[in-house]
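Every number in this text was worked out from the coordinates using simple rules, so none of it is lab data. What you see is a predicted model, and the numbers here were worked out from it, not measured in a lab. Positions of Cβ are generated from backbone atoms using ideal geometry, with glycine treated the same way; all protein chains shown enter the neighbour counts.
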Amino acid sequence: MTVAVRFAPSPTGFLHVGNARTALIVWLFARKSGGTYLLRLDDTDQERSTETYAQAIERDLAWLDLTWDRKARQSDRADRYDAAIARLKEAGRLYPCYETPEELSLKRKSRLAQGLPPVYDRAALQLDAADRARLEAAGRRPHWRFLLQPGAIEWHDLVRGPVHFDADDLSDPVLIREDGRPLYHVSSVIDDIEFGITHVVRGEDHVANTALHIQMFRALGAEPPVFAHLPLLTDAAGQGLAKRLGSLSLQELREDGLEPMAVASVLAKLGTSDPIEPRRRLEDLVEEFDWTKFSRASPKFDVAEIRRLNVRLIHEMPYEEAARRLAERGLPVVTEPFWAAVRPNLARLDEITDWWQVANGPVAPVRDDPAFAGTAAKLLPPEPWTEDTWKEWTEALKAETGLKGKALFLPLRRILTGLDHGPELKTLLPLIGRDRTLRRLGGETA
Ligand code: GLU
């Protein structure tokens, strides 16, 4: 069997770490099993879906390098849904209901008061043709419910193991709204059938939906796919992430200058038995992917973990990769010695512009003692310069001034870089060059 999976975001908002994690895990599984990855935009909610969000989702997936083999939009597929819905009606699995939301809420409350589960009582099944005609004449439009069959609904979930529902505990789901538009349940199942989806991977907020969907697959003449429900991420206090989505959107992480592989390295491993370590390539994560590593417990997400991994990724980043990433991000593509010198001082790649400026100017020198600066200028060795120049120069200065250690090095650092901290001066000095060093020693912004 060739694996076929899909990631099905609704373009009603930006991708956040929670759904990006689903997108990534679906992708890793597809690549690991040699399967295909469908990006399906669930955009049937016309009021809330926008083209801006659809494009933002594609941009975020591309940033993580999660390429898709196929793409579909539910809004293009209305005729497919109509055809399948007609079949369900013919088979007697859809029935019209006329209750208003207020009536349904009253029914729920009264069942709860009687100690009964708040499931729909199927009163609409008792309506005859005359009742329906009367309701429609009074201006009521029907919504349509799927008639569940009694009995156990079971499946073996790749993350949760055996799952069991009793259809009697579930309400017949509404599949078609009063305005005639199909709802998520039905469009999703029809798409999963028609795109030959073999594995449905999604958040555990969909577990109860899956029980309904399993009956819908069968009613439409299809075997249900395999299911995997991922526990939802929580914050450090164990609360859902939903309230703080803004700060946890992928867009925000990207604009924060974080590396996509730092994000992917965390999201791929949260809630698994693998340690969270920086990975340089998605292929490494593919290799390590295994459903048996996933736990049922809700993993805690902390954005600080991504930042920590980002620092490690950069400190270990080989020059070729750095050059490629710098070019991609429109940052100065520095030379290999420059990269080696500044890499340990970067937490984010874009901070390279600060050190680029230190090397290439302009820098306003901080000259605490002009006489000292004058002596330093006098003793500056001639070019060509190497990494040994710094030692040669500071030994001469030490001999001349009697200064050593911090008392010698900090004033030089402040004059040469305008800062109190930064990359090693022995590597920085040749990058600044003799001419610019002399001008800074002279107090000039250069
Ligand atoms: N559009 C649905 C969601 O974002 C898709 C769920 C599914 O994967 O079936 O929750």
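Quote the FRET efficiency, to the nearest 0.05, computed for residue 434 versus residue 298 with a Förster distance R0 of 60 Å and r equal to the Cβ-Cβ distance.
Once the sixth-power term is evaluated, E becomes 0.50.
Sort 225-232, 25-32, 307-314, 345-352 by packing, meaning the average of other beta carbons within 10 Å per residue, with the highest value first.
Per-residue Cβ counts within 10 Å, averaged per peptide and sorted highest first, yield 25-32, 225-232, 307-314, 345-352.
Could you please state, rounded to a whole Å, how far the C-alpha centre of the stretch 323-337 is from the C-alpha centre of the stretch 146-175?
Here the answer is 53 Å between Cα centres.
When a/c is below 1.5 the answer is rounded, else prolate if a/b is larger than b/c, else oblate, so apply that to the stretch 243-338 with a ≥ b ≥ c taken from the square roots of the Cα gyration tensor eigenvalues.
The shape class here is oblate.
Where nothing but the Cβ of Lys and Arg (+1) and of Asp and Glu (-1) is charged, how large is the charge dipole of the chain around its Cα centre, in debye to the nearest 20?
Around 480 debye, computed over the chain.
Can you grab the distance from the C-alpha centre of the stretch 197-236 to the C-alpha centre of the stretch 39-69, Å, no decimals?
Each part reduced to its Cα centre gives a spacing of 21 Å.
If you fit an axis through the alpha-carbon atoms of helix 78-90 and take the longest principal axis of the Cα set of the chain, what angle between them do you get, 0 to 90°, nearest 10?
Long axis of 78-90 versus the principal axis of the chain: about 30 degrees.
On full extension of the chain, what length is gained from residue 409 through residue 223, given 0.36 nm per residue of separation minus the C-alpha to C-alpha distance?
59.6 nm
Quick check: net charge around residue 420, other residues with Cβ under 9 Å of its Cβ, Lys/Arg +1 and Asp/Glu -1?
+2
Cα gyration tensor of the stretch 1-87, axes a ≥ b ≥ c as square roots of the eigenvalues: rounded (a/c below 1.5), prolate (a/b > b/c) or oblate?
Oblate shape, in that a/c is at least 1.5 and b/c is the bigger or equal ratio.
If neighbour count is taken as other Cβ atoms inside 10 Å, put 420, 60, 235, 42 in order from fewest to most.
Sorted ascending by nearby Cβ count, the order is 420, 235, 42, 60.
What does the helix-only formula give at 222 nm for the chain: each DSSP H stretch with n ≥ 4 adding -39500 (n - 2.57), the total divided by the residues, and the result rounded to the nearest 500 deg cm²/dmol?
Theoretical 222 nm ellipticity from helices: -13500 deg cm²/dmol.
Can you figure out the FRET efficiency of residue 141 with residue 308, using R₀ = 56 Å and their beta-carbon distance, to the nearest 0.05?
0.50
Which order, highest average first, do 248-258, 402-412 follow once you tally other Cβ atoms within 10 Å for each residue and take the mean per peptide?
248-258, 402-412
Would you mind calculating the gained length between residue 284 and residue 350 on full extension (0.36 nm times residue separation, minus the Cα-Cα distance), in nm to one decimal?
Difference between extended and current length: 21.2 nm.
With 29 Å as the limit, write out which pairs from 71/300; 71/269; 32/71 have Cα-Cα distances beyond it, or answer none.
Distance filter (> 29 Å) returns 71/300.
As a footprinting exposure proxy, order 33, 295, 188 by other Cβ within 10 Å, with the fewest listed first.
Ranking 33, 295, 188 by Cβ neighbours within 10 Å, fewest first, gives 295, 33, 188.
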